[in-house]
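Chemist: So that we are looking at the same thing, I have put the structure below in structure tokens.
Computed from the coordinates by the stated procedures, all read-outs in this text should not be read as laboratory data. Predicted model only: the values in this text are computed from it and were never measured. Quick reminder, even Gly has a Cβ in these numbers, built from the backbone with ideal geometry, and neighbours come from all protein chains shown.
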Amino acid sequence: MNRPFVIPFHEGRLKMKDLLGGKGANLGEMTRAGLPVPPGFTITTAACLEYFEAGRILTEERKREIAMALSGLEQEAGKKLGDPRDPLLVSVRSGSVISMPGMMDTVLNLGLNDETVEGLAGLTDDPRFAYDCYRRFIQMFGDVVLGMAPYRFEETIEVRKEERGATSDTELSAEDWKWVIERFKEEVERETGNPFPQDPVDQLHRAVLAVFDSWHNQRARIYRKVHKISDGLGTAVNVQMMVFGNAGDDSGTGVAFTRNPSTGEKALYGEYLINAQGEDVVAGIRTPEPIAALASRMPGIYEQFRSICRRLENHYRDMQDIEFTVERGKLYILQTRSGKRTAHAAVKVAVDLVNEEIIDRETALTRVDPEQLDQILHRRIDPEAELDVLAKGLPASPGAASGRVVFDADIAERLSHEGQKVILIRPETTPEDIHGIVAARGVVTSRGGMTSHAAVVARGMGKPCICGCGEMEINLKQKEFRVAETVIREGDEISIDGGTGHVISGSVPLIDPELSEEFQLLLKWADEYRRLAVRTNADNPADAAKAREFGAEGIGLCRTEHMFMEADRVPLVQAMILAETVEERQKALEKLLPLQKEDFRGIFRTMDDLPVTVRLLDPPLHEFLPDMEELLTEWTRLSMNPDADPQELREKEQLLRKVRSLHEMNPMLGHRGCRLGLIHPEIYVMQLKALFQAAAEAMAEGVTVEPEIMIPLVGHVNELKEMRKLVDEVASEVQEESGRAIPYTVGTMIEVPRAALTADEIASVADFFSFGTNDLTQTTFGYSRDDAEGKFLHHYIDHKVLPENPFVTLDTDGVGKLVSMGVELGRKSKSGLKTGICGEHGGEKQSIRFCHQTGLDYVSCSPFRIPLARLAAAQAAV
Ligand code: PEP
Ligand code: MG
């Protein structure tokens, strides 16, 4: 079917968003609802894709279609493009299906030329306005269409301002702008070899194509990568009659959110500028007035705007981000879209909209991106801490961060690649700085308001941001900023609090977050909808307690090797490994047992009444011993020293021999997991004794325990048979000693393909399966989970050899197939077999959806990801 090339606003619908882009669809929807929207038409995303496919050519037929749409627009507007007496001027704006604020290009005031500018000037009392528009048009067209560097134009304006002793653009007269326009045109001709284009239709065609092309500019590509937006969508282009916020003091322009996008509070939030065009607000070049001030400045307009805001919010059933312009006392709405918001705001708005009966609970659950919850769960500055506050700006995006000061996006990117934490400081950010914002922990600008580019982008990424921090005098050349007497240079450490707007000297202590009432309520609703249980990966009582507070319904993975890694235990573990005889080893194990028992008891107490899955020792033993190369260097040094203690030298030699003997070429495929338990059963016996004794003691204290013993890295049913026997033996021994019947189950991790392929056999001796998708990804792809990312995986992802990093998002086609096969075969031989996942994927939203669809019983993830998992599990179920 032929998809239409051009659609006038009055024919547009919200449901045509794929074709019209977000902006075009909303302009259509608002036009139909009778809101004051300047007329226009949308050139569709299909047209954009066709243009790219055809090798970036606009055919004659397409030009005719644009001409027809233009003539319709001229009729509606009652003006004609290029009319020397009363010219129609248009804006040409990008508008993709998923909003990418500021990333693509826009041309305003199109249709002006040497003739029409005179017509426009003749229409107003103040001709200055017309020349100001024309010079803006040349600047934008020069930048966007002709590819000229913006500073060339800015320099010319600065020259004129200096000559006139003016500090701001508004002080320049019509004559000044005429002079500037002449210089601009000369500059264009010098740079491009052609005069500035005078034919408005030619201007229009070229602007449309330039906006199409901006889909592929660098910042748009980076933005799409960060936000996982497909490169294949293309952008629509909206051509709309210009209205002028810069037509005098009865005009203005602004941006407002229907609720506060940082906190979610129900109050209009935004800003406006009198006698200005929209770009001035968004670009953050002039610091605007808060929207509330419009109530006294233009009370009628303010009331009308408020009522439109209410209408739009009810219509779209969501918080809106609205651009408006007032032209000589008449209000126009230029855009509405669902407003970008912080996680805090997303949660509050979703819950409030349910309470206001605008949406239902199910919809509310889909309104919060689970990944975003990370922001709420993040730490903030300890309120008790003494802060050396340097300056205060606008609190544009909440959260706290510390890092070294940088003044340049490229440097921010480079240092962050080197592993440094940086805070990006700029007078204002432009879309060109996007890679610096991605790299930085937080952003501060000295100019611009709460809806400036930096604020919008940082909020979308969940990074702290402070805007309009006017006290800061930034000197980009010297790479420093000054606040009164204090000078902070590149590389100095500062902290920022995006919730208060404070810029603080040095680093500061951070504390755990508190969870708002709305947040708890939303998660409670999530619990009502989800089918998957959510457990946690935790190996100590503190983590277990945190996870329980976040709503964990048990422990899905307790990695017991972490209990071996505490500094005071390492010598005991090493003695156990280095033991030459079974007796020696037994002695070392006996010392470890009470320590491990204490840990288990703490965990059982914390998880009273909930299941606790304990995995027996998994990593290769050499991980607990010193590095071989270091050891060799030490030994060489000692052996060359005639005064060295012979006893020490002998011990080093012995250690070196042992480390050598444990060395493996492929340790991840080596002597680890249940292979350790089979060769050195005494280690597992010690762990099992500690576990069952702790369980018996906890039971004696009145705690209800539910231990699940999990055997790692099983690939053959016989391995599990052997290990199960061992578990049962130790369990009966402890039960006999303690006189308590301990309720326990025995299961296995599914971490190697053979386990999934023979899951029916394995299930015959297992009470549960837990998919260890970290290792299962490693063993299925044959990628080392420790090396792949640094070596080749980045390249694979950047060049789309793989769609995603499979260690982050479960590879459903490959690894996922093994998971489904494991579940299916396992349940075939043992109906009701309990299944879960405990790899990192258990805390990732797409993988959680897959787990839901595959029929797993639970996911298990780190404590701070529990809320995310609860919400993602609910989203998978609604
Ligand atoms: C896994 O392999 O997915 C797993 C959970 O175990 P570990 O990460 O400890 O190897
Ligand atoms: Mg594993």
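Chemist: When a/c is below 1.5 the answer is rounded, else prolate if a/b is larger than b/c, else oblate, so apply that to segment 252-338 with a ≥ b ≥ c taken from the square roots of the Cα gyration tensor eigenvalues. Before the final figure, lay out the partial values.
Modeler: Working: a/c = 1.57, a/b = 1.30, b/c = 1.20.
It comes out prolate by the Cα gyration axes.
Chemist: Another question, if that's okay. Calculate the dipole size of the chain relative to its Cα centre from +1 charges on Lys and Arg beta carbons and -1 charges on Asp and Glu beta carbons; express the result in debye to the nearest 20.
Modeler: Details: 103 positive and 139 negative charges, 422 e Å.
Once rounded to the nearest 20, the dipole reads 2020 debye.
Chemist: Continuing with the same structure: Stokes-Einstein diffusion coefficient for the chain at 10 °C in a medium of 1.306 mPa s, Rh from the Kirkwood formula over Cα pairs: what value in µm²/s?
Modeler: On the way: Rh = 31.1 Å.
In µm²/s, the coefficient is 51.
Chemist: Continuing with this model, one more query. Based on the mean of other beta carbon atoms within 10 Å per residue, what is the order of 816-828, 833-845, most packed first? List each step's numbers first, then the result.
Modeler: Working: 816-828: 20.2, 833-845: 25.3.
Put in order of decreasing packing, that is 833-845, 816-828.
Chemist: Oh, and also: Taking the mean number of other Cβ atoms within 10 Å as a proxy for protection, how do you rank 678-686, 582-590 from highest to lowest? Mind showing how you got there, number by number?
Modeler: Details: 678-686: 17.9, 582-590: 14.9.
The packing order, highest mean first, is 678-686, 582-590.
Chemist: Still on this model: For segment 164-262, go through all pairs of different Cα atoms, get the mean of 1/r, take its inverse, and jot down that Kirkwood value in Å. Display every interim value, and only then the final one.
Modeler: Working: mean 1/r = 0.0551 Å⁻¹.
It is 18.1 Å.
Chemist: Can I ask one more? Over what distance in Å are the Cα centres of segment 731-797 and segment 1-71 separated?
Modeler: Each part's Cα centre sits 53 Å from the other's.
Chemist: Just want the answer: with Cβ charges of +1 for Lys and Arg and -1 for Asp and Glu, which residue in T263, P290, A69 is farthest toward the dipole's positive end in the chain?
Modeler: A69
Chemist: When Rg is the radius of gyration of the Cα atoms in segment 378-511 and Rh is its Kirkwood radius, what does Rg/Rh come to?
Modeler: 0.92
Chemist: Please give the Cα centre distance for segment 358-387 versus segment 483-509, rounded to the nearest Å.
Modeler: 25
Chemist: For the chain, what is the calculated [θ] at 222 nm in deg cm²/dmol (nearest 500), taking -39500 (n - 2.57) for each run of four or more DSSP H residues and dividing by its residue count? Walk me through the numbers before you get to the answer.
Modeler: Values: 35 runs with 398 residues, N = 878.
Result for the chain: -14000 deg cm²/dmol, rounded to the nearest 500.
Chemist: Please give the Cα centre distance for segment 433-459 versus segment 164-225, rounded to the nearest Å.
Modeler: 25
Chemist: What distance in nm separates the simple spin-label points at I511 and T363, each placed 7 Å from Cα in the Cβ direction?
Modeler: 3.8
Chemist: Also, quick follow-up: So how do H417, H453, H663 line up by other beta-carbon neighbours within 10 Å, fewest first?
Modeler: On the way: H417 9, H453 24, H663 13.
Arranged by neighbour count, lowest to highest, H417, H453, H663 become H417, H663, H453.
Chemist: Sort S251, S764, S495 by Cβ crowding within 10 Å, fewest neighbours at the top. List each step's numbers first, then the result.
Modeler: On the way: S251 23, S764 14, S495 27.
So the ranking, lowest neighbour count to highest, is S764, S251, S495.
Chemist: Compute the projected area of the convex hull of the Cα atoms of segment 518-562, averaged over all viewing directions, and report it in nm² to one decimal place. If you can, show how the numbers build up before the last one.
Modeler: Values: hull surface 13.3 nm².
Over every viewing direction, the Cα hull of segment 518-562 projects on average to 3.3 nm².
Chemist: Still on this structure, I have one more. Suppose a student asked you for the relative contact order of segment 622-753, using Cα pairs under 8 Å spaced at least 6 residues apart; what percent would you report? Spell out each step's value before the answer.
Modeler: Values: 113 pairs, mean separation 33.0, N = 132.
Rounded, it is 25 percent for segment 622-753.
Chemist: Toward the positive end of the charge dipole of segment 378-511, about the Cα centre and with charges on Cβ (Lys, Arg +1; Asp, Glu -1), which of I423, C465, I411 goes farthest?
Modeler: Of I423, C465, I411, it is C465.
Chemist: If you take the charge dipole of the chain about its Cα centre, with +1 on Lys and Arg Cβ and -1 on Asp and Glu Cβ, which of P803, S505, M668 is farthest toward its positive end?
Modeler: Checking the options against the dipole of the chain, the answer is P803.
Chemist: Of the trypsin sites (Lys or Arg not before Pro) in segment 14-94, which ones lie in a loop per DSSP and count no more than 13 other C-beta atoms within 10 Å? Display every interim value, and only then the final one.
Modeler: Numbers: sites: K15, K17, K23, R32, R56, R62, K63, R64, K79, K80, R85, R93; in loops: R56, K79, R85.
Sparse-neighbourhood loop trypsin sites (Lys or Arg not before Pro): R56, R85.
Chemist: Sticking with this one: What is the dipole size for segment 252-338, taken about its Cα centre, with +1 at each Lys and Arg Cβ and -1 at each Asp and Glu Cβ, in debye to the nearest 20? Before the final figure, lay out the partial values.
Modeler: Values: 11 positive and 11 negative charges, 61 e Å.
Around 300 debye, computed over segment 252-338.
Chemist: Right, next: What order do you get for Y151, Y744 when you list them from fewest to most C-beta neighbours inside 10 Å? Don't skip to the end; give the middle numbers.
Modeler: On the way: Y151 9, Y744 21.
Result, fewest neighbours first: Y151, Y744.
Chemist: Taking the DSSP beta bridges in the chain as the whole, what percent of them are antiparallel, to the nearest 5?
Modeler: Taking every DSSP beta bridge with both residues in the chain, the antiparallel ones total about 60 percent.
Chemist: Run the numbers on the chain and let me know its relative contact order in percent, using alpha-carbon pairs under 8 Å that are six or more apart. Please report the intermediate quantities before stating the final value.
Modeler: On the way: 1798 pairs, mean separation 77.2, N = 878.
Relative contact order, the chain: 9 percent.
Chemist: Another one. Working out 0.36 nm times the residue gap between M668 and S168, then minus their Cα-Cα distance, what length gain in nm do you get to one decimal? Mind dumping the intermediate values first?
Modeler: Details: separation 500, 0.36 × 500 = 180.00 nm, distance 6.57 nm.
Once the chain is fully extended between M668 and S168, it gains 173.4 nm.
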